[in-house]
Every structure is written in C-alpha cells, then in structure tokens.
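The values are calculated or read from the model by the stated rules, or taken from the named source; none is laboratory data. Predicted model, so just to flag it, every value in this text is computed and none were measured. All Cβ positions, even for glycine, are placed from backbone atoms using ideal geometry, and neighbour counts span all protein chains on display. Remember, those area values only see protein heavy atoms, side chains included, never the ligands or the DNA or RNA. Shrake-Rupley method; radii C 1.70, N 1.55, O 1.52, S 1.80 Å.
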Amino acid sequence: MSAGTASAAGAVGRAGDSRPVLVLLESNTTGSGREFCAAARVRGLRPVLLARSPDRYPYAAADAVDTVQMDTDDLDAVLRACTELAERGAGLAGVTSSSEYFIAPAAAVAGKLGLPAPDGDAVAGCRRKDRQRELLDAAGVPVPGFRAVTETAEAVRAAEQLGYPVVLKPVSGSGSVGVRLCVDRAEVVRWARSLLSRTADERGAPVPREILVECAVSGPEFSVETFDREVLAVVGKRLGAEPFFVETGHDVPAPVACSVQAELGRTAQRALDALGLGWGAAHVELRLGPGGPVVIEVNPRLAGGMIPAAVRAARGVDLIDRVIARVSGQQAQAAAGGSGHAAVRFVTVRCPGEITAVHGLAEAERSPGVVYTHCTATPGRRVEITHSFRDRLGCVVATGSGADEASERAEAAARLIRIELSATTDSDAATDGDAAVDGERG
C-alpha cells in the first residue's frame with residue numbers, strides 16, 4: 001500500500017512488513033517531526049502518523065510515511081486507533097509526539113496501553129503556564145512574579161502591582177505565539193484585549209480566555225536540555241528585537257562560564273523535580289537575572305528550533321534517537337564524538353508578501369562547517385509577519401572549533417539564503433540578514 005491517508009488497519013496492512021509500529025500523534029510540520037520518523041525506521045520500527053489534516057505534513061508524503069486521518073483531539077478515538085494498531089501486524093512499539101500540543105495526550109494513551117511513557121498528569125499540568133508557575137513557586141524554584149487574569153482591567157491591575165515592564169502571554173501555547181513585552185498601561189490594555197479576544201490557537205484548537213501577566217526578567221536567555229533528568233546541554237538563545245521574543249538562533253554549548261552552566265542546570269533539575277517530571281526529554285527555558293537563574297518555562301518534551309541537531313553536532317548525543325528508544329523500550333545509543341560547538345541561525349524576512357524565488361540554499365549547504373540546512377519558503381507561498389516561530393522560513397546549523405567560529409559560520413551561511421517577495425522593493429524583499437543573524441522561539 002502506498003503512503004497516505006488510511007484506516008488504522010490499512011496503516012499496518014502492507015504485505016510482508018513485519019516491523020512494529022511507532023505511533024506519532026500529530027507532529028511538528030518540519031524539523032524534528034520528520035526526523036522522528038527517520039529515527040524510528042533506523043531502529044526497525046514503522047512510523048504511522050495520526051493526524052487531523054495529514055496535508056499539514058509534506059514530509060509524510062515525501063518520505064512515504066503512512067498516515068491515519070482522524071480527530072486527534074478525541075482521546076478515546078486515538079486510543080481505539082492505537083489499540084487497533086496494537087492488535088494487527090507486528091504490534092505496537094510505542095506512542096509519542098513531537099508536537100507541543102500532543103505530548104500529554106500521547107503520554108496518556110501510551111500509559112493506558114501499558115507502553116513506556118512519562119507521567120501523563122505531570123505532563124498535562126505543564127501545558128498550563130499559570131499552574132506550572134504555581135507549582136514551581138510553591139517549591140521555591142525561582143520564577144517571575146505573575147498573575148493569571150481573564151479581563152483587561154485585571155491585566156492592568158496585575159501589571160501595576162508587579163511593576164512595569166511586564167510580559168503578557170497566553171496560558172497555553174508555544175513558539176513565542178502571543179508573547180509581548182509591555183512597558184506601560186496603554187500597551188497592556190492593547191495587548192490584553194488582543195489576547196483575550198482570541199478563541200483559537202494557530203492550529204485552530206480552542207483556547208481558554210485567560211492570560212498570564214508576569215514581571216519581565218532582564219538578562220540573557222538559555223535553555224537546558226535534559227534526558228531522564230540528566231543535563232545534556234546548556235544552550236544560549238538569541239532573540240529578536242523587543243517587544244517580541246522570537247528566537248533567531250541558538251549556541252551549543254552556551255558561551256558562558258562552566259560555573260554558570262552548572263547553576264542553570266541545577267535550577268532546571270529543581271524545576272523538573274517540582275513538577276514531577278524527569279522521564280525522557282525536557283526543554284527548560286531560563287533567564288539569568290540579576291539574582292541568578294529564573295525559570296521562564298518548563299516543556300516536558302524535546303526542544304524544537306533545531307536544537308537537537310545542534311546538540312548532536314556539538315556533543316554527539318542524538319536526542320531524537322533517545323526519545324524513540326525510550327518510548328519503544330529500546331536501549332539508547334552511546335554518545336558519539338562531537339565537534340564541541342555548534343550554532344543555529346534562522347532565516348527571516350522583513351515584510352509580508354508572496355514568495356517569488358529562493359536563492360542560495362545550495363551555497364549555504366556547501367559552506368564551511370554547515371551540517372544542516374532547511375528552508376520552508378517556496379514560490380507562491382504567502383508570508384505574514386507574526387512575531388512568532390512562524391516567521392522563521394529557514395535555518396542553518398554549523399559547527400566550529402569554538403563558539404565564535406561556529407557562530408560566524410552559521411551566520412555567514414544564513415546570509416546566503418535569500419528569499420524574494422513580490423510587491424516590495426529589492427532591498428526590502430531580500431532576507432533580513434540582521435534579523436536572521438542577531439535576532440523560533442521552537
């Protein structure tokens with residue numbers, strides 16, 4: 001049977017295929033979503049993607065990944081589909097997701113089927129940023145001052161109590177969607193009204209009428225990548241211009257002293273303990289404030305933004321393979337040799353428009369130290385500026401003997417990728433080199 005939409009039975013019905021199935025409940029549209037499937041195949045598993053709209057994932061057709069079209073928000077339906085897959089063919093090896101929005105349902109289904117999985121309740125608890133903040137604060141883990149509000153007037157009162165500047169964000173979501181720095185009452189009113197008027201997220205799923213107001217923490221931003229609570233990498237993050245928080249690059253390891261990396265790692269581990277996490281991958285975001293590390297967010301999943309590719313290049317640790325091994329009950333690979341340093345830089349554009357041409361991708365691929373390039377920009381696609389991870393149209397991962405060399409190589413290669421847009425001047429249509437280099441956030 002060719003890859004494509006199928007019933008659960010049809011998805012495992014290919015004659016002569018004796019591989020156990022790994023179910024992927026939805027996915028990232030690019031990047032690690034595609035790599036999850038490739039890693040599963042290397043381990044002798046057969047990836048099957050359950051998706052509401054399989055067409056969201058062009059890699060599935062390109063890589064001949066079988067898909068089952070269904071309502072993935074219906075947990076009972078997902079459980080039935082997985083049970084059917086478990087009863088046919090070579091059986092079901094595991095259930096997981098590379099999507100922020102489906103990590104908790106995947107864990108719940110895997111747990112019900114007796115398959116390896118994290119604590120589904122603990123994972124689900126992290127999806128609400130206000131609840132996560134409450135648990136961390138109660139455990140003494142440093143977090144920004146915060147208030148959860150449901151009305152614009154409440155947001156103003158919270159901002160005035162906490163003190164300006166403040167950050168407003170949805171209580172659920174990822175990739176910097178809806179996150180904004182507000183420096184005065186007028187900005188809080190305007191942004192709170194905008195957020196509270198939203199009824200659905202970028203996937204079309206309903207969102208609660210509640211937002212988070214929190215103190216802005218000054219200082220550089222980092223992430224700590226852990227697996228089974230072990231700190232595997234401390235990553236330096238590069239952000240775009242305020243008032244937004246779009247990640248424009250990552251550096252592995254973070255270019256700070258080992259003592260600072262250790263302090264960030266210990267704070268991340270405390271956060272995992274407070275939330276009942278520590279099984280499999282976690283991506284903990286922190287700021288290094290005047291008083292030390294402050295936890296901004298704990299994500300009970302693998303990092304996005306091509307951080308796994310950079311960790312693999314720098315440290316020789318394949319985080320994606322570790323996830324696949326963990327959820328399918330297999331042994332993880334030992335770390336291989338790494339280059340020591342890697343950098344990710346994203347490609348963005350300055351203005352909206354229709355893409356007419358993409359240049360320089362081949363040249364970027366051939367650049368010194370480059371180990372990965374990707375571009376989602378295709379002629380005919382309409383580009384809007386969202387001030388979120390969706391503004392990132394391409395990326396480059398490069399290695400180097402030191403942090404500076406890795407960074408310079410990634411920046412140079414990213415500048416080679418040029419995206420032309422219609423209805424703009426030549427200068428505006430070109431890739432915004434400064435934004436791509438200096439500043440998802442994945």
Run the dipole for the chain about the Cα centre, Lys and Arg Cβ at +1, Asp and Glu Cβ at -1, nothing else charged, and hand back the magnitude in debye, nearest 20.
600 debye
With +1 on the Cβ of every Lys and Arg and -1 on the Cβ of every Asp and Glu, and nothing else charged, how large is the dipole of segment 27-143 about its Cα centre, in debye rounded to the nearest 20?
260 debye
Return an integer: the convex hull volume of the alpha-carbon atoms of the chain, in Å³ per residue.
139 Å³
Within the chain, what whole-number % of the accessible surface is contributed by carbon and sulfur, with the 1.4 Å probe and all protein chains included in the calculation?
49 percent
Average accessible surface area per residue within the chain, 1.4 Å rolling probe, Å²
39 Å²
Of Ala81, Ala271, Ile320, farthest towards positive along the dipole that unit charges on Lys, Arg, Asp, Glu beta carbons give the chain:
Ala81
When every alpha-carbon pair in segment 186-338 is counted, what percent end up more than 26 Å apart?
34 percent
P(r) weight above 16 Å for segment 173-234, C-alpha pairs, percent
61 percent
Might you report the magnitude of the Cβ-based charge dipole of segment 348-420 about its Cα centre, with Lys and Arg at +1 and Asp and Glu at -1, to the nearest 20 debye?
240 debye
For segment 136-201, what D do you get in µm² per second when you plug the Kirkwood radius from alpha-carbon pairs into Stokes-Einstein at 4 °C and 1.567 mPa s?
104 µm²/s
How large is the translational diffusion coefficient of segment 353-395 in µm² per second when you combine the Kirkwood radius over alpha carbon pairs with Stokes-Einstein at 37 °C and 0.692 mPa s?
282 µm²/s
